[in-house]
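FYI, it's all coordinate maths here, none of it is from the lab. None of the values given here were measured: they were computed from a predicted structure. Cβ placement follows ideal geometry from the backbone for every residue including glycine, while neighbour counts extend to all protein chains displayed.
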Amino acid sequence: MVCISVSSESIDFFFGLLSLGHQIDYMAKRDIHKVDSEEMNRINRRLILQQIRQKHSISRAELVKITGLAPPTVSRIVDRIVNKDRLARYVGVGNSNGGRPPVIVEFNSSEKYVLGIDLGATLIRGVLADLDAEIIMEVDLPSGKEEGYEAVIDNLVSVVNRLLSRRGIAPDSVIGLGIGVAGLLSKDKTIVHFSPDFGWTNVAFKKDLEAVISIPIFIENSTRLMALGEKGYGQGKDLDNFIVVNVGYGIAAGLVIGGQLVNGGNGFSGEFGHMTIEPDSSVICDCGRKGCLEALASGRSIGSYAREHLTKESLLNEMCHGKPARIDAKMVFEAYGANDHFAEQVCKQAIRSLSIGLTNLIHLLDPTHIFIGGGVAQNGDLFWRPLHKEVTSRMLATHKNVQISPAFFKEYATTIGSLALVLDSVLGLDLR
Ligand SMILES: [Zn+2]
């Protein structure tokens, strides 16, 4: 048999590829001869773990059938997943129709952990979760962005340390730390090229975190993570074309097209907030340009517009106790809810700008659903009624079936996405 230079592992590997279609893409991209045994082990382990995770409980015989791998290979890899990785456990034997009863393995979601962080301009929200993305604990701290980049890194590290120490969890029990950051990331997700929210330009974010955190780190744009969270655990599970829009301190979109999260050519897709909506606007965006959606419809812009144009008659004078600096988007919506004419005009003007942007997205990408999250979207009918009306009035009749509704996880959308990012990357859940 000297003519066959591949090992039984290689043959298993090929069967694995043939039985799972998405792996064929992988084969097309790589020179198959360069795939060494370590790589094959990794891929086969990923295939098996994926099945155990998805089915939650499965027999070794079923794993052999589904993956196309040889029984000894499956046994060896399952042993490793159970005894070394502690990501599954044996739970006895199932029924058999004669012969040896099948050994059942079950996904072990509770012995290892995952950390997720939503690094927002105002708040760092950190969670500790099990491998089913069930949140066990949360720690929030102010970002401290006014004190500079190093202060934000220090606060982020402090969130991680608190999450671990309160439960006495060792870093090696954590499979990864996912971080959602508001900004434009390099394609390899190591550098924040530009973050208007934080005022950062070209910071080596991943390297600086790796110097002080010993857990594997996975970074992604925060709104893209909202989309990933919806795709993995929320309303996007069975959808192939949907958009998640965050309307909070800033505005951005996470796009899922043809079942895939869209990165863009340079990794910068989804900068919806910097779409020009009012070219003649005098309002300057944090990016330095005029007329951006974010400068017209974000929570920050609603607050600043109301402060700068406050009328004597407005209820806001009373609500802010004579201190206009206290006026923020939440207060403006409260005044709108109390029938304050000025506040209503400010909110409706912002919603009008947002509806123009959304209509452009709908016409361009033809999504079936748009999910809106972020603080501004938490204002009930005051936000949703005029928004639906405005979008409907602008949209082509052919697109009228698009559903626009709240994001599933509300203020936890990015955090859930950061958990999904780690679980996807480490356990091979294939969410992207
Ligand atoms: Zn801008």
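In a GNM of the chain with a 10 Å cut-off on Cα contacts, which of Ser195, Ser281, Ser186 has the highest mean-square fluctuation?
Ser281
How much length is gained on full extension from Glu38 to Asn401, taking 0.36 nm per residue of separation minus their Cα-Cα distance?
Contour length minus the Cα-Cα distance gives 125.8 nm.
Report the paramagnetic label zone for Arg289: residues of the range 358-382 whose backbone N is under 20 Å from a point 7 Å from Cα along the Cα-to-Cβ axis.
358-365
Mind checking the log10 I(q)/I(0) for the range 235-407 at q = 0.12 Å⁻¹? Debye, one equal scatterer per Cα, no solvent, two decimals.
For the range 235-407 at q = 0.12 Å⁻¹, log10 I(q)/I(0) is -0.55.
For the chain, what is the percent of antiparallel DSSP beta bridges, rounded to the nearest 5?
60
Which order do peptides 341-350, 66-75 fall in by mean Cβ count within 10 Å, highest first?
In descending order of packing, they fall as 341-350, 66-75.
Please determine, in degrees from 0 to 90 and to the nearest 10, the orientation of helix 222-233 with respect to the longest principal axis defined by the Cα atoms of the chain, where the helix direction is its Cα long axis.
In the chain, helix 222-233 runs at an angle near 50 degrees to the longest axis.
Taking a spot 7 Å from the Cα of Thr392 along the direction of its beta carbon, which residues of the range 324-353 have an amide N less than 14 Å from it?
Within reach of a label on Thr392, which here means backbone N under 14 Å from a point 7 Å along Cα→Cβ, the range 324-353 contributes nothing.
What full-extension length gain, to one decimal in nm, is calculated for Arg385 and Ser165 as 0.36 nm per residue of separation minus the Cα-Cα distance?
74.7 nm
Report the relative contact order of the chain, percent, no decimals, based on alpha-carbon pairs under 8 angstrom and at least 6 residues apart.
14
Rounded, prolate or oblate: which one fits the range 175-310, using the alpha carbon gyration tensor with axes a ≥ b ≥ c (rounded when a/c is under 1.5, else prolate when a/b beats b/c, else oblate)?
oblate
If we count other beta carbons within 10 Å of each Cβ, what is the order of Ile153, Ile277, fewest first?
Least crowded to most crowded, the residues run Ile153, Ile277.
Which FRET efficiency value, to the nearest 0.05, do you get for Asp172 and Asp140 by plugging their Cβ-Cβ distance into 1/(1 + (r/R0)^6) with R0 = 30 Å?
0.75
Given the Cα-Cα distance of Thr201 and Lys312 and 0.36 nm per residue of separation, how much length would full extension add, in nm?
Difference between extended and current length: 35.9 nm.
Of Val114, Val82, Val192, which has the largest mean-square fluctuation in a 10 Å C-alpha GNM of the chain?
Val82
For Cys292, Cys320, which order do you get if you count the other beta carbons within 10 Å of each Cβ and list the fewest first?
In order of increasing Cβ crowding within 10 Å: Cys320, Cys292.
What is the magnitude of the charge dipole of the range 235-407 about its Cα centre, with +1 placed on the Cβ of each Lys and Arg, -1 on the Cβ of each Asp and Glu, and no other charges, expressed in debye to the nearest 20?
100
In what sequence do Leu123, Leu316 fall when counting other Cβ within 10 Å, fewest first?
Taking fewest neighbouring Cβ atoms as first place, the list is Leu123, Leu316.
Just to confirm the number: angle between the C-alpha axis of helix 149-165 and the first principal axis of the chain, 0 to 90 degrees, nearest 10?
Its long axis makes an angle of about 50 degrees.
At R0 = 56 Å, how high is the FRET efficiency between Lys330 and Val93 if r is their beta carbon distance? Nearest 0.05 is fine.
Efficiency, from the Cβ-Cβ distance: 0.45.
For Val212 and Lys84, FRET efficiency with R0 = 35 Å and r from the beta-carbon atoms, rounded to 0.05?
0.80
Along the Cα→Cβ direction, 7 angstrom out, place labels at Gln260 and His321. What is the inter-label distance in nm?
With each label point 7 Å from Cα toward Cβ, the separation is 5.4 nm.
May I ask for the angle, rounded to the nearest 10°, between helix 341-365 and the longest principal axis of the chain, with both axes built from Cα atoms and the value confined to 0 to 90°?
Helix 341-365 and the main axis of the chain meet at about 40 degrees.
Picking from Lys290, Lys312, Lys187, which is most flexible by a Gaussian network model of the chain using Cα springs under 10 Å?
Lys312
Based on DSSP H runs of at least 4 residues, each adding -39500 (n - 2.57), what is the mean residue ellipticity at 222 nm of the chain after dividing by all its residues, to the nearest 500 deg cm²/dmol?
Per the formula, -13000 deg cm²/dmol.
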